[in-house]
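Structure first, commentary second.
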Amino acid sequence: LGSLRAQQILLAEAEAFDSAMLQERMVPAFEKRAASISATLAKAGASHDTDEIISRLLGSWQDTIARICIGLRRLGTGGSLLITNAPVGGVLAITRKFKYERLSAALTLQVLDRTYNHHLDWSLTEQSSISREELVELNFSETDAKDRDDEVNGAIKIITSLAALDGALLLTPTLEVIGFGVKIGSGDDPKVVYDGEDFANRGSKANKVDISRFGTRHGSVLR
């Protein structure tokens with residue numbers, strides 16, 4: 001099956017979240033958090049490889065961005081997410097500064113809770129008998145994981161509602177909200193815009209994109 005977009009038939013969609021270009025930018029953002037999670041698990045006797053924790057953090061990040069986009073589609077409003085560690089003040093006008101860190105913290109703790117719960121569940125199934133204390137600990141870990149999922153769900157709803165408002169939602173790479181209703185200055189059109197998937201494979205030899213065929217929202221984001 002293909003789709004028709006901008007008068008072109010697309011036979012395949014690029015998996016942007018799995019691109020090497022994106023992962024190179026996201027892994028450094030999660031390294032400290034992964035190390036903290038690994039240290040906490042080690043104290044609880046459930047040590048895990050840091051690279052595995054980073055992979056789980058990336059998976060949670062990808063799922064969350066996808067869920068925000070799905071929520072925006074359901075609302076029917078559209079929306080823009082601008083994710084950067086260094087917003088350029090001269091280009092961005094943040095009409096509503098709003099510091100909201102709950103989703104960022106909850107996603108990190110969600111990975112911790114789920115990993116610990118999986119460790120307990122797996123280790124207990126390997127045993128021939130389970131003590132009452134071990135069973136209580138497993139029940140507590142399952143409750144913690146469920147409560148954290150509920151917290152993430154609520155935070156995603158709040159962020160989706162902010163992204164649905166006019167202007168872009170400004171976030172750090174770890175999904176801490178900086179502000180909403182962000183306007184991107186007009187500026188000059190970029191001289192060269194490459195097709196992202198092709199650029200990841202061929203660099204500056206990649207196919208170039210004509211931004212005049214996009215609307216104002218896409219144009220402002222490209223600027």
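The values are calculated or read from the model by the stated rules, or taken from the named source; none is laboratory data. As the structure is a prediction and not an experimental result, all values here were calculated from the model. Here the Cβ positions follow ideal geometry from the backbone for every residue, glycine too, while neighbour counts run over all protein chains shown. When the accessible area is computed, the model is the full protein with side chains, heavy atoms only, and any ligands, DNA or RNA have been set aside. Shrake-Rupley method; radii C 1.70, N 1.55, O 1.52, S 1.80 Å.
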Treating the range 83-143 as a set of equal point scatterers at the Cα positions, no solvent, please give the Debye-formula log₁₀ I(q)/I(0) at q = 0.20, 0.21, 0.23, 0.24 Å⁻¹.
-0.84, -0.88, -0.97, -1.01
Any idea what the dipole of the range 59-151 comes to, in debye rounded to 20, about its Cα centre with Lys/Arg Cβ at +1 and Asp/Glu Cβ at -1?
960 debye
Counting heavy atoms of the protein chains only and a 1.4 Å probe, report the per residue accessible area for the chain as a whole number of Å².
63 Å²
Partner lysines for residue 97 [C-alpha distance under 19 Å; skip if fewer than 8 residues away on the same chain]:
157, 183
So how strong a dipole does the chain carry about its Cα centre when Lys and Arg Cβ are +1 and Asp and Glu Cβ are -1, to the nearest 20 debye?
1280 debye
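Short version: what are the Cα gyration tensor semi-axes of the range 133-175, square root of 5 times each eigenvalue, largest first, in whole Å?
Semi-axis lengths for the range 133-175 are 34, 10, 3 Å.
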Can you give the alpha-carbon Rg of the chain over 2.2 N^0.38 Å, where N counts its residues?
1.22
Quick one: pull the percent of accessible area on the range 110-190 belonging to carbon and sulfur, 1.4 Å probe, ligands and nucleic acids left out.
52 percent
Taking N as the number of residues in the range 7-96, what is its Cα Rg relative to 2.2 N^0.38 Å?
1.44
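Working with all protein chains in place, sort 96, 33, 73 by solvent-accessible area computed with a 1.4 Å probe, largest first.
I get 73, 96, 33, largest accessible area first.
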Give me the lysines in straight-line cross-link reach of residue 205: C-alpha distance below 17 Å, same-chain residues under 8 apart excluded.
191
So what's the convex hull volume per residue for the Cα atoms of the range 78-207, in Å³?
155 Å³
Using a 1.4 angstrom probe with every protein chain in place, what is the largest-first accessible-area order of 182, 91?
91, 182
